[in-house]
Ligand SMILES: NC(=O)N[C@H]1NC(=O)NC1=O
Ligand SMILES: [Zn+2]
Ligand SMILES: [Zn+2]
């Protein structure tokens, strides 16, 4: 029996801290050894030549909606997890909504886990929901392993996942604080968004820019300020998802400096697309909060470079093509949600590293070490260290490609990124030491333990 099952040779090994060149020896799904500057002398059954390539910690996508069980005509665990494998993502944390039933109690979590065990090719973890009806279920969900809870401050678009009122926020956050967990929040103001939408629709103003104007940045800022005050009152750890603007991030920064335990996520679409894309690509580029303008994109990159963003995740929230169509020019009706999970690393490399000089270590931090630390997965996941799980993405930074529909593993081969040229290509993805994707092919379905 050889010492290692797999040896990855001569790669540039990227972590949140450094880039070093060396060999990685993998045994029983874990990184057994990292030898820097020289070779591992024995041979393994699986030899991977990574000369000239970069080895990243497999990405953690802490924000996906895979819709299974119950809404697999939108997306599923098999198709969703294949797209992640193809994108170098080795762990996802699935949101509690858009599947039906939603993950708001113990029974529903059991269904979610069972489906993932059968169908996911990457590591699956789960968010539980906080809704007005389930305060008494939070403890069960926590005990059964959810990594945190998720609430909407404005309507979620899904009838079986209600947004929270102030009392639910207050009681829910007290309970989540007591459990020692955290609350992730979709923060937009219901009052502002509903009023502005009503006015626009009544006037017959339903264009891309009308939709965007109905969900202004102030709506995020107001909701973020409000939820931060509840975090301060209850001592509940808070995570703001999908900040669309640095102006929102600034509010969170101020709170951090006051000592509030709050973190912030942004998404690749807010870092690479604008309201112009919404006009040109239609529903494919519709999301909530909406895409902003070019100057907001630039400012958000400054926030990334400046260490003001904690996590970058996809918020992959797909729907069937018919629901993404803009009918009669009405941007209010189409489903809001971007299909993007496969492209996170591509966007960060192309727009961040190559265009703006973002260090590779920073990409590894935002998509690996930081989410792993925040959601309790570190150091098993999110970094490359002896003893960590062998979840790895091997990338050729010298390869460019144009994303084609046919490249997408989603249930529906659609994405606002189709047609975009990316610099840097994922060559091989390993999950728990097994190759799941190589040279453009999904290699094999793996047996999963969740
Ligand atoms: N329900 C759901 O997935 N909503 C997501 N879509 C989106 O664009 N923003 C969200 O929060
Ligand atoms: Zn959201
Ligand atoms: Zn979401």
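Only the coordinates and a few stated rules stand behind these numbers; no lab work does. What you are looking at is a predicted structure, and each value in this text was computed from that prediction instead of being measured. Virtual Cβ from ideal backbone geometry, glycine too; neighbours counted across all protein chains shown.
Below 8 Å between Cα atoms, with a sequence gap of 6+, how large is the relative contact order for segment 304-450 in percent? List each step's numbers first, then the result.
Working: 202 pairs, mean separation 28.9, N = 147.
Contact order relative to length: 20 percent.
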Checklist line | Label-point separation in nm, residue 171 to residue 140, each point 7 Å along Cα→Cβ | finding: 1.6 nm
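By how many nm would the segment from residue 443 to residue 117 grow when fully extended, if each residue of separation counts as 0.36 nm and the alpha-carbon distance is taken off?
Between residue 443 and residue 117, full extension yields 115.6 nm more.
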Note to self: I'd like the distance separating the alpha-carbon centroids of segment 292-341 and segment 107-124, in whole Å.
What the structure shows: 26 Å
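Going by average Cβ neighbours within 10 Å, how do the peptides 404-415, 262-273, 65-76, 31-42 rank, with the highest at the top?
On the way: 404-415: 17.6, 262-273: 24.7, 65-76: 21.9, 31-42: 14.0.
For the peptides 404-415, 262-273, 65-76, 31-42, the packing ranking is 262-273, 65-76, 404-415, 31-42.
Tell me the Kirkwood hydrodynamic radius of the chain in angstroms, computed as one over the mean inverse distance between distinct C-alpha pairs. Don't skip to the answer; put the middle values down first.
On the way: mean 1/r = 0.0455 Å⁻¹.
So the Kirkwood estimate lands at 22.0 Å.
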Item checked: Counting DSSP beta bridges with both ends in the chain, the antiparallel % (nearest 5) -> 50 percent
Next item on the list: Using label points projected 7 Å from each Cα along Cα→Cβ, tell me how many nm separate residue 226 and residue 20, to one decimal.
Entry: 5.0 nm
Notebook entry, point to check: Given segment 1-122, what percent of its DSSP beta bridges are antiparallel, to the nearest 5?
Noted result: 55 percent
Check: For segment 118-197, what is the largest minus smallest coordinate of the Cα atoms on each principal axis, given in angstrom and ordered from greatest to least?
Finding: 43, 32, 18
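May I ask for the percentage of alpha-carbon pairs in segment 93-152 that lie more than 19 Å from each other? Could you put the intermediate results ahead of the total?
On the way: 325 of 1770 pairs.
Counting pairs separated by more than 19 Å, the tail of P(r) holds 18 percent.
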Next item on the list: Would you mind getting me the FRET efficiency between residue 110 and residue 191? Use the beta-carbon distance for r and R0 = 35 Å, nearest 0.05.
Entry: 0.45
Next item on the list: Taking only Cα atoms and a 10 Å spring cutoff, compute GNM fluctuations for the chain and point out the largest among 212, 159, 90.
Entry: 159
Next item on the list: Note down the nm distance, to one decimal, between modelled labels 7 Å out along Cα→Cβ at residue 355 and at residue 209.
Entry: 2.2 nm
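Starting with the highest mean, order 253-260, 16-23, 172-179 by the number of other Cβ atoms within 10 Å, averaged over the residues of each peptide.
Details: 253-260: 13.8, 16-23: 16.5, 172-179: 20.0.
Descending packing order for the listed peptides: 172-179, 16-23, 253-260.
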Notebook entry, point to check: Ranked by Cβ crowding within 10 angstrom, fewest neighbours first, how are 394, 384 ordered?
Noted result: 394, 384
Check: Which residue, 284, 196, 183, tops the fluctuation ranking in a GNM of the chain built on C-alpha contacts under 10 Å?
Finding: 196
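Which order do 287, 193 fall in if you start with the one that has the fewest other Cβ atoms within 10 Å?
Values: 287 24, 193 21.
Ordered from fewest to most neighbouring Cβ atoms within 10 Å, 287, 193 come out as 193, 287.
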Check: Relative contact order, percent, of the chain when contacts are C-alpha pairs under 8 Å separated by at least 6 residues?
Finding: 21 percent
